[in-house]
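The values are calculated or read from the model by the stated rules, or taken from the named source; none is laboratory data. Predicted, not measured: the structure shown is a model, and the values here were computed from it. FYI the Cβ positions are ideal-geometry reconstructions off the backbone, even for glycines, and counts take in every protein chain you see. Protein only, heavy atoms only, side chains kept; ligands, DNA and RNA dropped before computing areas. Shrake-Rupley method; radii C 1.70, N 1.55, O 1.52, S 1.80 Å.
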Amino acid sequence: MRSSRVQMTVMLLLLAAMSWAQSAYEHIARDHIFSASNYCVYPDSTVYRQTLPPANKHPFYLSHYGRHGSRYLNKRSAYDMPYEMLCKADSMGQLTALGKQVKQQLQEIINDSEGRWGDLSDIGKQQLRNIASRMMKNYPEIFEGQANVQARSTTVNRCVMSMGTTVQQLAALNPKLNIDMNASKRDSWYLNHQDLQLRDSMKSKHATRVYDAYSKPREENPRLMKLLFTHPESLDKSISSKWLNYYLLKTALIQPNTHTEYNTLLMDLFTTEDFYQLWQVENAWWYIQHGGSLLNGGCQPYSQRYLLRKMITEADSCIRLKKPGAQLRFGHETVVLPLACLLGINGFDLQTANLDELESSGWWAGLVFPMASNIQFVFYRQDSFDNDVVFKVLLNEQEATLPIETDIAPYYHWRDFRRYYLRKLADYDKVRNSP
(Lines give C-alpha, C1' and ligand atoms only; values in the text may rest on other atoms or scores of the structure.)
Protein backbone atom coordinates (compact mmCIF):
# COMPACT_ATOMS: atom_id res chain seq x y z
CA MET A 1 0.00 0.00 0.00
CA ARG A 2 2.77 2.41 0.95
CA SER A 3 4.68 1.59 -2.25
CA SER A 4 1.67 2.46 -4.41
CA ARG A 5 1.25 5.80 -2.61
CA VAL A 6 4.91 6.64 -3.16
CA GLN A 7 4.58 5.78 -6.86
CA MET A 8 1.49 7.97 -7.13
CA THR A 9 3.29 10.89 -5.47
CA VAL A 10 6.27 10.54 -7.81
CA MET A 11 3.94 10.50 -10.82
CA LEU A 12 2.16 13.66 -9.67
CA LEU A 13 5.47 15.43 -9.12
CA LEU A 14 6.64 14.45 -12.60
CA LEU A 15 3.41 15.75 -14.13
CA ALA A 16 3.79 19.02 -12.21
CA ALA A 17 7.38 19.37 -13.43
CA MET A 18 6.25 18.81 -17.02
CA SER A 19 3.59 21.52 -16.72
CA TRP A 20 6.17 24.02 -15.47
CA ALA A 21 8.27 23.35 -18.56
CA GLN A 22 5.92 25.70 -20.40
CA SER A 23 6.69 29.39 -20.14
CA ALA A 24 4.12 31.98 -19.15
CA TYR A 25 4.27 33.22 -22.74
CA GLU A 26 3.24 29.78 -24.00
CA HIS A 27 0.34 29.66 -21.55
CA ILE A 28 -0.80 33.12 -22.65
CA ALA A 29 -0.42 32.26 -26.33
CA ARG A 30 -2.77 29.31 -25.77
CA ASP A 31 -5.27 31.37 -23.74
CA HIS A 32 -4.93 35.14 -23.42
CA ILE A 33 -7.11 35.09 -20.29
CA PHE A 34 -4.14 33.59 -18.43
CA SER A 35 -2.58 37.08 -18.44
CA ALA A 36 -5.44 38.46 -16.32
CA SER A 37 -3.62 38.08 -12.98
CA ASN A 38 -6.20 38.72 -10.21
CA TYR A 39 -8.91 38.88 -12.89
CA CYS A 40 -8.31 35.25 -13.88
CA VAL A 41 -11.46 33.13 -13.93
CA TYR A 42 -11.44 30.19 -11.52
CA PRO A 43 -10.30 26.95 -13.23
CA ASP A 44 -13.65 25.34 -12.52
CA SER A 45 -13.51 22.70 -15.21
CA THR A 46 -10.21 21.24 -14.03
CA VAL A 47 -10.47 17.88 -12.24
CA TYR A 48 -7.62 17.01 -9.89
CA ARG A 49 -6.63 13.57 -8.68
CA GLN A 50 -7.00 12.96 -4.94
CA THR A 51 -4.09 10.98 -3.47
CA LEU A 52 -5.15 8.22 -1.08
CA PRO A 53 -4.44 9.11 2.57
CA PRO A 54 -2.17 7.05 4.82
CA ALA A 55 -3.62 3.70 5.85
CA ASN A 56 -6.79 3.84 7.98
CA LYS A 57 -6.86 7.66 8.05
CA HIS A 58 -10.17 9.37 7.31
CA PRO A 59 -11.06 13.05 6.72
CA PHE A 60 -12.70 14.68 9.76
CA TYR A 61 -12.08 18.45 9.61
CA LEU A 62 -11.62 21.12 6.94
CA SER A 63 -10.13 24.60 7.44
CA HIS A 64 -10.51 27.06 4.56
CA TYR A 65 -9.80 30.61 3.43
CA GLY A 66 -11.26 31.70 0.11
CA ARG A 67 -11.49 34.75 -2.07
CA HIS A 68 -14.89 35.93 -3.27
CA GLY A 69 -16.04 34.61 -6.64
CA SER A 70 -15.96 36.43 -9.98
CA ARG A 71 -17.12 40.02 -9.71
CA TYR A 72 -17.80 43.16 -11.63
CA LEU A 73 -15.16 45.87 -11.76
CA ASN A 74 -14.71 47.57 -8.39
CA LYS A 75 -15.30 51.14 -9.50
CA ARG A 76 -16.37 53.06 -12.57
CA SER A 77 -13.22 55.23 -12.81
CA ALA A 78 -11.23 52.38 -14.42
CA TYR A 79 -13.77 52.36 -17.26
CA ASP A 80 -14.18 56.14 -17.36
CA MET A 81 -10.50 56.85 -17.96
CA PRO A 82 -10.20 55.06 -21.33
CA TYR A 83 -13.76 56.02 -22.32
CA GLU A 84 -13.12 59.73 -21.72
CA MET A 85 -9.87 59.55 -23.72
CA LEU A 86 -11.76 58.10 -26.65
CA CYS A 87 -14.57 60.65 -26.30
CA LYS A 88 -12.07 63.50 -26.38
CA ALA A 89 -10.37 62.10 -29.47
CA ASP A 90 -13.78 61.62 -31.09
CA SER A 91 -14.68 65.26 -30.45
CA MET A 92 -11.49 66.18 -32.30
CA GLY A 93 -12.37 63.90 -35.22
CA GLN A 94 -9.41 61.67 -34.37
CA LEU A 95 -11.07 58.24 -33.96
CA THR A 96 -10.76 55.57 -36.61
CA ALA A 97 -13.76 53.40 -37.43
CA LEU A 98 -12.36 50.78 -35.04
CA GLY A 99 -11.83 53.46 -32.41
CA LYS A 100 -15.52 54.36 -32.65
CA GLN A 101 -16.46 50.69 -32.19
CA VAL A 102 -14.27 50.43 -29.10
CA LYS A 103 -15.81 53.60 -27.67
CA GLN A 104 -19.30 52.16 -28.24
CA GLN A 105 -18.39 48.87 -26.57
CA LEU A 106 -16.96 50.67 -23.56
CA GLN A 107 -20.22 52.58 -23.22
CA GLU A 108 -22.15 49.28 -23.31
CA ILE A 109 -19.87 47.77 -20.66
CA ILE A 110 -20.29 50.83 -18.42
CA ASN A 111 -24.07 50.66 -18.77
CA ASP A 112 -24.10 46.94 -17.97
CA SER A 113 -21.93 47.43 -14.87
CA GLU A 114 -23.69 50.53 -13.53
CA GLY A 115 -24.95 49.93 -10.00
CA ARG A 116 -23.08 46.63 -9.76
CA TRP A 117 -19.55 47.87 -9.08
CA GLY A 118 -17.67 45.17 -7.17
CA ASP A 119 -20.73 42.90 -6.98
CA LEU A 120 -20.48 39.13 -7.12
CA SER A 121 -21.55 38.03 -10.60
CA ASP A 122 -23.70 35.04 -11.53
CA ILE A 123 -20.54 33.35 -12.74
CA GLY A 124 -18.99 33.94 -9.31
CA LYS A 125 -21.99 32.42 -7.58
CA GLN A 126 -21.76 29.31 -9.72
CA GLN A 127 -18.05 28.96 -8.98
CA LEU A 128 -18.80 28.91 -5.26
CA ARG A 129 -21.64 26.42 -5.63
CA ASN A 130 -19.32 24.13 -7.54
CA ILE A 131 -16.52 24.44 -4.97
CA ALA A 132 -18.98 23.68 -2.14
CA SER A 133 -20.34 20.66 -4.01
CA ARG A 134 -16.85 19.28 -4.56
CA MET A 135 -15.99 19.77 -0.89
CA MET A 136 -18.92 17.63 0.11
CA LYS A 137 -18.32 15.08 -2.65
CA ASN A 138 -14.59 14.67 -1.89
CA TYR A 139 -14.91 14.67 1.92
CA PRO A 140 -18.42 13.38 2.76
CA GLU A 141 -17.33 12.26 6.24
CA ILE A 142 -16.70 15.90 7.23
CA PHE A 143 -20.17 17.08 6.16
CA GLU A 144 -22.35 14.10 7.05
CA GLY A 145 -25.32 14.24 9.43
CA GLN A 146 -25.54 17.25 11.75
CA ALA A 147 -21.97 18.34 11.06
CA ASN A 148 -20.92 21.80 12.20
CA VAL A 149 -20.09 24.40 9.56
CA GLN A 150 -18.76 27.71 10.82
CA ALA A 151 -18.55 30.44 8.15
CA ARG A 152 -17.03 33.91 8.58
CA SER A 153 -16.64 36.74 6.10
CA THR A 154 -15.35 40.26 5.81
CA THR A 155 -18.16 42.82 5.57
CA VAL A 156 -17.58 43.54 1.87
CA ASN A 157 -20.76 42.64 0.01
CA ARG A 158 -19.19 40.28 -2.56
CA CYS A 159 -17.50 38.34 0.25
CA VAL A 160 -20.70 38.10 2.29
CA MET A 161 -22.53 36.91 -0.84
CA SER A 162 -19.77 34.38 -1.51
CA MET A 163 -20.10 33.00 2.00
CA GLY A 164 -23.88 32.85 1.71
CA THR A 165 -23.80 31.15 -1.68
CA THR A 166 -21.33 28.52 -0.45
CA VAL A 167 -23.25 27.75 2.72
CA GLN A 168 -26.55 27.71 0.85
CA GLN A 169 -25.20 25.05 -1.49
CA LEU A 170 -23.90 22.95 1.40
CA ALA A 171 -27.29 23.21 3.12
CA ALA A 172 -29.06 22.20 -0.08
CA LEU A 173 -26.91 19.06 -0.25
CA ASN A 174 -27.36 18.30 3.46
CA PRO A 175 -30.23 20.14 5.21
CA LYS A 176 -29.18 18.65 8.55
CA LEU A 177 -25.98 20.72 8.77
CA ASN A 178 -25.54 22.87 11.86
CA ILE A 179 -24.51 26.19 10.29
CA ASP A 180 -23.08 29.21 12.11
CA MET A 181 -22.62 32.12 9.69
CA ASN A 182 -21.55 35.71 10.39
CA ALA A 183 -19.94 38.78 8.81
CA SER A 184 -18.64 41.33 11.29
CA LYS A 185 -15.90 43.93 11.55
CA ARG A 186 -14.89 42.14 14.75
CA ASP A 187 -13.30 39.46 12.58
CA SER A 188 -11.38 41.86 10.33
CA TRP A 189 -8.25 41.61 12.47
CA TYR A 190 -7.53 38.18 10.99
CA LEU A 191 -9.78 37.92 7.90
CA ASN A 192 -8.37 41.07 6.28
CA HIS A 193 -5.60 42.43 8.48
CA GLN A 194 -4.05 45.67 7.27
CA ASP A 195 -0.50 45.96 8.58
CA LEU A 196 0.31 49.66 8.22
CA GLN A 197 4.02 49.18 8.87
CA LEU A 198 4.37 46.54 6.16
CA ARG A 199 2.06 48.40 3.79
CA ASP A 200 4.15 51.56 4.10
CA SER A 201 7.27 49.59 3.21
CA MET A 202 5.79 47.88 0.13
CA LYS A 203 7.05 50.46 -2.33
CA SER A 204 10.40 51.55 -0.91
CA LYS A 205 12.36 54.02 -3.01
CA HIS A 206 14.64 51.23 -4.16
CA ALA A 207 11.74 48.90 -5.01
CA THR A 208 10.01 51.71 -6.91
CA ARG A 209 13.09 52.47 -8.98
CA VAL A 210 13.62 48.80 -9.87
CA TYR A 211 9.95 48.25 -10.67
CA ASP A 212 9.72 51.38 -12.83
CA ALA A 213 12.81 50.34 -14.79
CA TYR A 214 11.29 46.86 -15.28
CA SER A 215 7.80 48.01 -16.27
CA LYS A 216 8.48 51.12 -18.38
CA PRO A 217 9.58 49.34 -21.59
CA ARG A 218 6.51 47.08 -21.33
CA GLU A 219 3.82 49.75 -20.90
CA GLU A 220 3.58 51.67 -24.19
CA ASN A 221 1.67 50.38 -27.21
CA PRO A 222 2.14 52.54 -30.33
CA ARG A 223 0.49 49.85 -32.46
CA LEU A 224 -2.75 50.22 -30.48
CA MET A 225 -2.65 54.01 -30.88
CA LYS A 226 -2.47 53.62 -34.66
CA LEU A 227 -5.45 51.27 -34.59
CA LEU A 228 -7.66 53.66 -32.64
CA PHE A 229 -6.58 57.14 -33.74
CA THR A 230 -6.22 58.67 -37.19
CA HIS A 231 -3.26 60.84 -36.23
CA PRO A 232 -1.89 59.56 -32.89
CA GLU A 233 1.21 61.76 -33.15
CA SER A 234 -0.96 64.91 -32.91
CA LEU A 235 -2.89 63.89 -29.75
CA ASP A 236 -2.29 65.95 -26.63
CA LYS A 237 -0.84 64.55 -23.42
CA SER A 238 -4.24 63.93 -21.83
CA ILE A 239 -4.58 60.87 -24.08
CA SER A 240 -1.94 58.57 -22.63
CA SER A 241 -0.76 55.55 -24.60
CA LYS A 242 0.37 53.90 -21.37
CA TRP A 243 -2.92 54.21 -19.50
CA LEU A 244 -5.17 53.64 -22.49
CA ASN A 245 -3.29 50.41 -23.21
CA TYR A 246 -3.45 49.32 -19.57
CA TYR A 247 -7.13 50.02 -18.94
CA LEU A 248 -8.33 48.57 -22.22
CA LEU A 249 -6.37 45.41 -21.49
CA LYS A 250 -7.80 45.14 -17.97
CA THR A 251 -11.31 45.91 -19.22
CA ALA A 252 -11.06 43.15 -21.80
CA LEU A 253 -9.75 40.65 -19.25
CA ILE A 254 -12.40 41.19 -16.58
CA GLN A 255 -15.34 40.64 -18.93
CA PRO A 256 -15.26 36.79 -18.74
CA ASN A 257 -16.02 37.18 -15.02
CA THR A 258 -19.38 38.80 -15.71
CA HIS A 259 -20.73 37.14 -18.86
CA THR A 260 -20.19 33.67 -20.27
CA GLU A 261 -20.60 35.14 -23.76
CA TYR A 262 -18.67 38.37 -24.08
CA ASN A 263 -17.77 40.46 -27.11
CA THR A 264 -14.21 39.74 -28.20
CA LEU A 265 -13.62 43.12 -29.88
CA LEU A 266 -11.48 44.38 -27.00
CA MET A 267 -9.51 41.14 -26.80
CA ASP A 268 -8.87 41.29 -30.54
CA LEU A 269 -7.16 44.67 -30.16
CA PHE A 270 -4.15 43.01 -28.56
CA THR A 271 -1.45 40.55 -29.51
CA THR A 272 -0.01 37.74 -27.43
CA GLU A 273 3.00 39.96 -26.82
CA ASP A 274 0.73 42.72 -25.44
CA PHE A 275 -0.94 40.30 -23.02
CA TYR A 276 2.42 38.83 -22.02
CA GLN A 277 3.91 42.24 -21.22
CA LEU A 278 0.87 43.09 -19.08
CA TRP A 279 1.31 39.77 -17.27
CA GLN A 280 4.98 40.55 -16.58
CA VAL A 281 4.21 44.01 -15.20
CA GLU A 282 1.28 42.82 -13.08
CA ASN A 283 3.13 39.76 -11.79
CA ALA A 284 6.09 41.89 -10.68
CA TRP A 285 3.75 44.37 -9.00
CA TRP A 286 2.00 41.65 -7.00
CA TYR A 287 5.34 40.13 -6.02
CA ILE A 288 6.63 43.44 -4.63
CA GLN A 289 3.33 44.15 -2.90
CA HIS A 290 2.70 40.74 -1.29
CA GLY A 291 5.55 38.33 -2.04
CA GLY A 292 8.93 37.83 -0.43
CA SER A 293 10.63 40.52 -2.51
CA LEU A 294 14.08 41.44 -1.19
CA LEU A 295 13.62 44.88 -2.78
CA ASN A 296 11.56 45.91 0.26
CA GLY A 297 12.77 43.57 3.01
CA GLY A 298 11.08 40.28 2.08
CA CYS A 299 8.52 40.45 4.91
CA GLN A 300 5.25 41.32 3.13
CA PRO A 301 3.75 37.81 3.53
CA TYR A 302 3.81 38.30 7.31
CA SER A 303 0.84 40.63 6.90
CA GLN A 304 -1.16 37.39 7.26
CA ARG A 305 0.50 36.16 10.43
CA TYR A 306 -2.67 36.72 12.48
CA LEU A 307 -4.73 34.64 10.06
CA LEU A 308 -2.21 31.80 10.08
CA ARG A 309 -1.97 31.80 13.86
CA LYS A 310 -5.78 31.85 14.08
CA MET A 311 -6.04 28.89 11.71
CA ILE A 312 -3.50 26.94 13.78
CA THR A 313 -5.21 27.75 17.08
CA GLU A 314 -8.66 26.87 15.79
CA ALA A 315 -7.38 23.65 14.24
CA ASP A 316 -5.83 22.66 17.57
CA SER A 317 -9.20 23.20 19.25
CA CYS A 318 -11.18 21.36 16.56
CA ILE A 319 -8.85 18.36 16.63
CA ARG A 320 -9.94 17.74 20.22
CA LEU A 321 -13.56 17.37 19.12
CA LYS A 322 -15.13 14.11 18.06
CA LYS A 323 -16.79 15.68 14.99
CA PRO A 324 -15.54 19.23 14.34
CA GLY A 325 -16.87 19.72 10.79
CA ALA A 326 -15.60 22.67 8.73
CA GLN A 327 -14.50 26.26 9.19
CA LEU A 328 -14.89 28.48 6.13
CA ARG A 329 -13.48 32.00 5.85
CA PHE A 330 -14.11 34.48 3.03
CA GLY A 331 -12.12 37.50 1.99
CA HIS A 332 -9.84 38.84 -0.70
CA GLU A 333 -6.93 38.09 -3.03
CA THR A 334 -4.77 40.47 -0.98
CA VAL A 335 -5.02 37.84 1.76
CA VAL A 336 -4.89 34.63 -0.30
CA LEU A 337 -1.66 35.60 -2.08
CA PRO A 338 0.44 36.64 0.95
CA LEU A 339 -0.94 33.69 2.94
CA ALA A 340 0.26 31.33 0.20
CA CYS A 341 3.65 33.07 0.29
CA LEU A 342 3.85 32.91 4.08
CA LEU A 343 3.08 29.19 3.97
CA GLY A 344 5.50 28.66 1.09
CA ILE A 345 2.89 26.76 -0.90
CA ASN A 346 4.41 25.38 -4.12
CA GLY A 347 7.53 27.49 -3.70
CA PHE A 348 5.71 30.82 -3.41
CA ASP A 349 7.99 31.76 -0.52
CA LEU A 350 10.58 32.69 -3.17
CA GLN A 351 12.82 35.55 -2.10
CA THR A 352 14.70 37.50 -4.76
CA ALA A 353 15.56 41.05 -5.75
CA ASN A 354 15.60 40.15 -9.45
CA LEU A 355 12.18 40.56 -11.07
CA ASP A 356 13.40 38.70 -14.15
CA GLU A 357 13.64 35.52 -12.02
CA LEU A 358 9.92 35.34 -11.26
CA GLU A 359 8.77 33.60 -14.42
CA SER A 360 11.52 30.97 -14.52
CA SER A 361 11.01 30.27 -10.80
CA GLY A 362 7.29 29.63 -11.24
CA TRP A 363 6.20 32.63 -9.17
CA TRP A 364 3.05 33.30 -11.18
CA ALA A 365 0.50 35.13 -9.03
CA GLY A 366 -2.43 34.20 -11.26
CA LEU A 367 -1.98 30.55 -10.28
CA VAL A 368 -2.66 31.49 -6.65
CA PHE A 369 -5.47 34.03 -6.67
CA PRO A 370 -7.98 33.73 -9.51
CA MET A 371 -11.51 34.74 -8.63
CA ALA A 372 -12.87 32.27 -6.03
CA SER A 373 -9.34 31.12 -5.17
CA ASN A 374 -9.03 29.14 -1.96
CA ILE A 375 -6.60 27.45 0.38
CA GLN A 376 -7.92 24.37 2.16
CA PHE A 377 -6.42 22.25 4.92
CA VAL A 378 -8.06 18.81 5.02
CA PHE A 379 -7.36 16.84 8.22
CA TYR A 380 -7.28 13.05 8.62
CA ARG A 381 -7.05 10.58 11.51
CA GLN A 382 -8.07 7.04 12.38
CA ASP A 383 -10.46 8.06 15.16
CA SER A 384 -10.83 10.74 17.83
CA PHE A 385 -8.14 9.01 19.94
CA ASP A 386 -5.54 9.14 17.15
CA ASN A 387 -2.67 11.43 18.21
CA ASP A 388 -1.00 11.41 14.80
CA VAL A 389 -3.27 13.80 12.92
CA VAL A 390 -2.22 14.38 9.32
CA PHE A 391 -3.47 16.81 6.70
CA LYS A 392 -2.95 17.98 3.15
CA VAL A 393 -3.05 21.51 1.80
CA LEU A 394 -5.00 22.33 -1.34
CA LEU A 395 -4.43 25.41 -3.46
CA ASN A 396 -7.53 25.97 -5.58
CA GLU A 397 -8.50 22.36 -4.84
CA GLN A 398 -5.20 20.97 -6.12
CA GLU A 399 -2.86 19.10 -3.78
CA ALA A 400 0.07 21.37 -2.99
CA THR A 401 3.47 21.25 -1.32
CA LEU A 402 4.87 22.94 1.79
CA PRO A 403 8.53 23.61 2.68
CA ILE A 404 8.57 21.06 5.50
CA GLU A 405 9.70 17.43 5.50
CA THR A 406 7.17 14.64 5.27
CA ASP A 407 7.26 10.89 4.83
CA ILE A 408 3.65 10.76 3.58
CA ALA A 409 3.58 13.35 0.75
CA PRO A 410 1.34 15.05 -0.25
CA TYR A 411 0.19 14.68 3.36
CA TYR A 412 1.94 16.21 6.38
CA HIS A 413 1.95 15.49 10.09
CA TRP A 414 0.09 18.28 11.86
CA ARG A 415 2.61 18.31 14.73
CA ASP A 416 5.42 19.06 12.23
CA PHE A 417 3.41 21.82 10.57
CA ARG A 418 2.46 23.65 13.76
CA ARG A 419 6.01 23.38 15.15
CA TYR A 420 7.54 24.81 11.97
CA TYR A 421 5.12 27.69 11.46
CA LEU A 422 4.69 28.74 15.09
CA ARG A 423 8.49 29.01 15.26
CA LYS A 424 8.50 30.99 12.00
CA LEU A 425 5.90 33.42 13.34
CA ALA A 426 7.70 33.74 16.68
CA ASP A 427 11.00 34.50 14.92
CA TYR A 428 9.34 37.28 12.93
CA ASP A 429 7.71 38.76 16.04
CA LYS A 430 11.06 38.72 17.81
CA VAL A 431 12.79 40.61 15.01
CA ARG A 432 9.93 43.06 14.52
CA ASN A 433 9.71 43.88 18.23
CA SER A 434 13.43 44.12 18.84
CA PRO A 435 14.68 47.63 19.73
Among residues of region 297-324 being assigned to a helix (DSSP H, G or I) and among the aliphatic types (A, V, I, L, M), the residue farthest from the chain's Cα centre (by Cα) is 319
Q.
Against the definition (assigned to a strand (DSSP E or B) and touching a Lys or Arg at 6+ places or on another chain (Cβ under 7 Å)), how does residue 428 come out, yes or no?
A. no
Of those in region 180-205 that are modelled with pLDDT of 95 or more and part of a helix (DSSP H, G or I), the residue nearest to residue 274 (Cα to Cα) is 191
Condition set modelled with pLDDT of 95 or more and among the small types (Gly, Ala, Ser), scope region 361-397, selection farthest from residue 344 (Cα to Cα): answer is 372
The one condition residue 150 fails out of (1) under 16 Å from residue 258 (Cβ atoms); (2) in contact with a Leu (Cβ under 8 Å, 6 or more places away or on another chain); (3) outside any loop (DSSP other than H, G, I, E, B); (4) open to solvent by 30 Å² or more (accessible area, probe 1.4 Å) is (1)
Over region 228-247, the set of residues part of a helix (DSSP H, G or I) and over 12 Å from residue 278 (Cβ atoms) is 228, 232, 233, 234, 241, 243, 244
When every residue in region 356-371 that is open to solvent by less than 10 Å² (accessible area, probe 1.4 Å) and aliphatic (A, V, I, L, M) is compared, the one nearest to residue 293 (Cα to Cα) is 358
Filtering region 382-408 for residues that are closer than 21 Å to residue 65 by Cα and open to solvent by 30 Å² or more (accessible area, probe 1.4 Å) leaves a count of 4
Expected output for region 310-324 (first residue small (Gly, Ala, Ser), partner open to solvent by 30 Å² or more (accessible area, probe 1.4 Å) and part of a helix (DSSP H, G or I), Cβ below 9 Å, 6+ apart or cross-chain) is 315/418
Can you find a residue that is of a type in the set (A, V, I, L, M, F, W, C) and outside any helix (DSSP H, G or I) anywhere in region 333-340?
no
- Task: For region 104-120, state whether one or more residues are out of contact with any Phe, Trp or Tyr (no Cβ under 6 Å at 6 or more places or on another chain) and closer than 28 Å to residue 48 by Cβ.
- Result: yes
Given the criteria modelled with pLDDT of 95 or more, of a type outside the set (Gly, Ala, Ser) and in contact with a Leu (Cβ under 9 Å, 6 or more places away or on another chain), does residue 64 qualify? yes
The condition from (1) touching a residue at least 40 places away in the same chain (Cβ under 8 Å); (2) part of a loop (DSSP other than H, G, I, E, B); (3) touching a helix residue (DSSP H, G or I) at 6+ places or on another chain (Cβ under 7 Å) that residue 155 misses is numbered (1)
Checked 175, 222, 256, 232 against criteria (open to solvent by less than 70 Å² (accessible area, probe 1.4 Å) and more than 27 Å from residue 118 (Cβ to Cβ)); the one match is 232
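Determine, yes or no, whether residue 353 is hydrophobic (A, V, I, L, M, F, W, C), surrounded by fewer than 23 Cβ atoms within 10 Å (Cβ to Cβ), farther than 29 Å from residue 276 by Cβ and in contact (Cβ under 8 Å) with a residue 40 or more places away in the chain. Break it down stepwise before answering.
Details: hydrophobic (A, V, I, L, M, F, W, C): yes; surrounded by fewer than 23 Cβ atoms within 10 Å (Cβ to Cβ): yes; farther than 29 Å from residue 276 by Cβ: no; in contact (Cβ under 8 Å) with a residue 40 or more places away in the chain: yes.
In short, no.
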When restricted to 161, 135, the only residue within 18 Å of residue 371 (Cα to Cα) and open to solvent by less than 60 Å² (accessible area, probe 1.4 Å) is 135
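Yes or no, residue by residue, for (1) outside any helix (DSSP H, G or I); (2) at pLDDT 95 or above; (3) under 24 Å from the mean Cα position of the chain (by Cα):
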{"residue": "216", "(1), (2), (3)": "no, yes, no"}
{"residue": "223", "(1), (2), (3)": "no, yes, no"}
{"residue": "226", "(1), (2), (3)": "no, yes, no"}
{"residue": "249", "(1), (2), (3)": "no, yes, yes"}
{"residue": "260", "(1), (2), (3)": "yes, no, yes"}
{"residue": "280", "(1), (2), (3)": "no, yes, yes"}
{"residue": "284", "(1), (2), (3)": "no, yes, yes"}
{"residue": "289", "(1), (2), (3)": "no, yes, yes"}
